[in-house]
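Since the structure comes first, as structure tokens, the remarks are kept for the end.
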Amino acid sequence: MGHHDEHLSAHVEKIQPPTEFFKNRPEGVEPYITSFEQYQEMYTESIEQPNKFYSKLARENLHWHRDFEIAKFPEHGFYNSWFVGGQLNASYNCVDRHAFKNPDKPAIIYEGDEPNSGYKVTYGELLAQVSQLAQVLLELGVKKGDTVAVYLPMIPEAIITIMAINRIGAIHSVVFAGFSATALRDRINDAYSQVVITSDQSKRGGRTIETKRIVDQSIKECPQVKNVIVFKRTGDESVPFNSKVDLWWHENLPKYRNYVPPVPVNSEDPLYLLYTSGSTGKPKGLVHSTAGYLLNAIVTAKYVFDLHPEDTIFTAADIGWVLGHTYVCYAPLAIGATTVLYEGTPVYPTPTRFWDIIDDYKCTQFYVAPTALRLLKRAGDHLIKPYDLSTLRALGTVGEPIAPDVWEWYYETIARKRASILDTFWQTETSAPVLCPIAGVTPLKPGSCSLPFFGVKCAILDPQTGEELKENDVEGVLAFASAWPSLTRTVWKDYKRYLETYFHPFPGYFFTGDGAARDKDGFFWILGRVDDVVNVSGHRLSTAEIEAAILENPNVSENAAVGFPNELTGQAVATFVALKAGISGAEAEKIKKDIILTVRKEIGPFAAPKEIFIVDDLPKTRSGKIMRRILRKILVHEEDQLGDVSTLSNPNSVGDIVNIVKAHR
Ligand code: ATP
Ligand code: MG
């Protein structure tokens, strides 16, 4: 351990970001950062003089009802409070200030599940609806500091709801509307929400989802829930309505006038809580502060994505994930830009929906997870060629490692080498990018999330000793050596779990749970979850690197590498491979041999998979992340100990894989 083995990253050279980035932009939309040196100077100041750096940013970017006394307190160490003494309101910052200046400007472009079924919501309209819903909540007795559960599809009402809740100083707890009644029940109860906001049904990929029925099912076991506000999305008459508990959105909002003053809250008052994806176990309800969160949402969107008020950003993520919170909702609105809210899937009715949206609305930023990119790459480039896509300046990815192959495809086929590709590493815990390039400025390496964002001090630790490896060309565990404004403050009502999960594993550091390398140029590479690391004869192998090597095979559409016990080598590598449609039999056998050769060549003979399973589909979280934990259990025949797989996006894949593994042995 210590020195980074000669893996994929070692021979990746930096490429300069596209110069088109500076030319291809609307009149008057000047980049915020124009050189790599400027990034470096700002970064140094953010670390060495955080009070000076953040005081200026916070006063420039946020409207304060009462100015703060100090930006970071205490100035050193970890358990900081930010902008202490200050008071502000998030909805005022995201809605009112833009509505006053520019009431007719579109805040939201809603693109419905069916093509051509969307509409726009202006800042003026948004303020009116947010105010009305805020008054409904007040009438129901929701107070500052109460939590409100949100279980809504990707419709403008999701944003209206989030803003209405924070307008009265309450705390939103958004639960992804693809989750089961059980998953929803657990989150409503953990947050002790007394009001739930939902819709009658949802539409996604041409399917109808019984959203309200799922809520009804879950609140049977939520004794504290008093009211459910229901928005009519489809108007289906058969949806149950219980007038003791339920209120129609469309009947109650019009009772109230179009303006209610926002409730100023303290900087450190919680803005929301949000549960992690649950890739590694029981989800954690992470709490984010109002001022620190909002500020970092704004500054990452500005500096990393070059997002201006004139821009239209399309983040293809559900509002139920942190990516949706920050990049569909808060950052675009706080900046006064236009956000695209897309209800559907990447492939319904055709795998060109994203490209249609980008061209139709002249999107300037696009942000998506690698799982969607792998899917769209597989659909074939001939579908993309007819599109213009020339308004795009910045293209982001987040959520999983992006294999260099997919990165290059994104850069050539979608960015057309005009826009910057931004591989951004972040977590629900960090609530905004922490390792990421600056658009147009940071040199790029396909597969690397490059360098730390302002205020973030990243450390690579030796996983055995916890010692910080300060040189370049090292690999180990990724940790943060300092706090910045948007780092999560606690686990909801469980500060002990917060300390145990993040601070106890490596004293003096915040533990991310991810393995990472820092290469000879100081660039960071995420190697996969620490829990997923495979140890073959003392070589610690990164699942991300093995998977990236296998993905170079043009017949492979997705794959997951995991370790399993081996008498000789401690662990050996097994890989689960999904092939492109229509490949089987002898052809599949040949691909297995090719895969072994590729891994031997790219990584080393010890990394060559001992077992290769051809599968139709890999088990994934609802946010699209591959669940390697489940594959590991299946390999050691512990399929009775998988835990709750009902929250997976494709629970059926599990049984199929169990059968494939059994048949193989
Ligand atoms: P849980 O913590 O419950 O297991 P989760 O970690 O999947 O769930 P999120 O907070 O949504 O929940 O995901 C953050 C994780 O996603 C990171 O810790 C990392 O493993 C992965 N990730 C995010 N961005 C990147 C990236 N650019 N490259 C590689 N991995 C990434
Ligand atoms: Mg996590």
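Counting only alpha carbon atoms, the long axis of helix 36-48 and the longest principal axis of the chain meet at about 70°. Between the beta carbons of Val636 and Tyr119, assuming R0 = 60 Å, the FRET efficiency works out to 0.70 to the nearest 0.05. The packing ranking of peptides 322-332, 70-80, 274-284, 453-463, highest mean first, is 322-332, 453-463, 274-284, 70-80, where packing means the average number of other beta carbon atoms within 10 angstrom of each residue. How far is helix 370-379 tilted, in degrees, relative to the longest principal axis of the Cα atoms in the chain, given as a value from 0 to 90 rounded to the nearest 10? Rounded to the nearest ten degrees, it is 70.
The lysines whose alpha-carbon is closer than 27 Å to the alpha-carbon of Lys143, local same-chain residues fewer than 8 away aside, are Lys212, Lys220, Lys226, Lys232, Lys244, Lys255, Lys284, Lys493, Lys496.
Which net charge results for the neighbourhood of Val121, defined as the other residues with beta-carbon distances under 14 angstrom from its beta-carbon, given Lys and Arg at +1 and Asp and Glu at -1?
On the way: positive: Lys105, Lys120; negative: Asp104, Glu111, Glu125, Glu157, Glu343.
Its environment carries a net charge of -3.
Selection among Ile603, Gly570, Gly582 by position relative to the dipole of region 541-604 gives Gly582 as farthest towards the positive end (Cβ unit charges, Cα centre). The label-point distance for Asp67 and Asp473, in a model that sets each label 7 Å from Cα toward Cβ, rounds to 5.1 nm.
From the Cα gyration tensor of region 405-482, with a ≥ b ≥ c the square roots of its eigenvalues, which class applies: rounded if a/c is under 1.5, or else prolate if a/b is larger than b/c, or else oblate? Walk me through the numbers before you get to the answer.
Details: a/c = 2.49, a/b = 1.93, b/c = 1.29.
Cα axes put region 405-482 in the prolate bin.
When the convex hull of the Cα atoms of region 103-238 is projected onto a plane and the area is averaged over all directions, what value comes out in nm²? Before the final figure, lay out the partial values.
Working: hull surface 32.9 nm².
For region 103-238, the mean projected area of the Cα convex hull comes to 8.2 nm².
The stretch between Glu45 and Val84, if pulled fully straight at 0.36 nm per residue, gains 12.0 nm over its current Cα-Cα span.
Mean separation of Cα pairs under 8 Å and 6 or more residues apart, divided by the residue count, gives the chain a relative contact order of 13 percent.
Extension gain Glu30-Leu568, at 0.36 nm per residue separation less the Cα-Cα distance, in nm? Don't skip to the answer; put the middle values down first.
Numbers: separation 538, 0.36 × 538 = 193.68 nm, distance 5.97 nm.
My answer for the length gained is 187.7 nm.
Using the scaling law 2.2 N^0.38 Å as the reference, what is the normalised Cα Rg of region 470-567? Intermediate values should be presented prior to the final figure.
Numbers: Rg = 16.4 Å, N = 98, 2.2 N^0.38 = 12.6 Å.
Cα Rg divided by the expected 2.2 N^0.38 Å: 1.30.
Electrostatic tally near Arg497: other residues with Cβ closer than 10 Å to its Cβ, Lys and Arg +1, Asp and Glu -1, net +2.
Looking at region 576-653, the GluC sites (Glu not before Pro) that sit in a DSSP loop and have at most 15 other Cβ atoms within 10 Å of their own Cβ are Glu638. Placing unit charges on the Cβ atoms only, positive for Lys and Arg and negative for Asp and Glu, gives the chain a dipole magnitude near 1060 debye about its Cα centre. What the Kirkwood sum gives for region 13-82 is a hydrodynamic radius of 15.0 Å, with every pair of different alpha carbons counted.
DSSP beta bridges fully contained in the chain are about 60 percent antiparallel.
Mind jotting down a quarter of the surface of the convex hull over the alpha carbons of region 249-324, in square nanometres, one decimal? Intermediate results must be reported in sequence, preceding the final value.
Working: hull surface 33.2 nm².
Projected over every direction and averaged, the Cα hull of region 249-324 covers 8.3 nm².
The label-point distance for Asp360 and Lys255, in a model that sets each label 7 Å from Cα toward Cβ, rounds to 3.6 nm. Using the Cβ-Cβ distance between Glu412 and Glu310 with R0 set to 25 Å, the FRET efficiency works out to roughly 0.40. In this simple spin-label approximation, Arg665 and Ser243 carry label points 7 Å from Cα along the Cα→Cβ vector, and these lie 6.0 nm apart. A straight chain from Lys56 to Thr350 at 0.36 nm per residue would run longer than the Cα-Cα distance by 101.2 nm.
If each DSSP helix of 4+ residues adds -39,500 (n - 2.57) and the sum is divided by the residues in the chain, what number results at 222 nm, nearest 500 deg cm²/dmol? Walk me through the intermediate numbers first.
Details: 19 runs with 183 residues, N = 665.
So the calculated ellipticity at 222 nm is -8000 deg cm²/dmol.
Once you have the alpha carbon radius of gyration of region 551-634, what is it after dividing by 2.2 N^0.38 Å, with N set to its residue count? All intermediate terms of the calculation are to be shown ahead of the outcome.
On the way: Rg = 13.0 Å, N = 84, 2.2 N^0.38 = 11.8 Å.
Computed over Cα atoms of region 551-634, the ratio equals 1.10.
The share of C-alpha pairs in region 26-66 whose separation exceeds 11 Å stands at 72 percent. Principal axis extents of the C-alpha atoms in the chain (largest first, rounded to whole Å): 71, 58, 54. Averaging Cα coordinates gives a centre for region 445-499 and one for region 67-143; these two points are 29 Å apart. Using a cut-off of 12 Å between beta-carbons, work out the net charge of the residues near Pro485 (Lys and Arg +1, Asp and Glu -1, Pro485 not included). Residues close to Pro485 contribute a combined charge of +1.
Readers should treat all values here as calculations from the given coordinates under stated rules, not as data from a laboratory. The structure displayed is predicted, hence computed values, not measured ones. Heads up, the Cβs are rebuilt from the backbone with ideal geometry, glycines too, and the neighbour counts pull from every protein chain shown.
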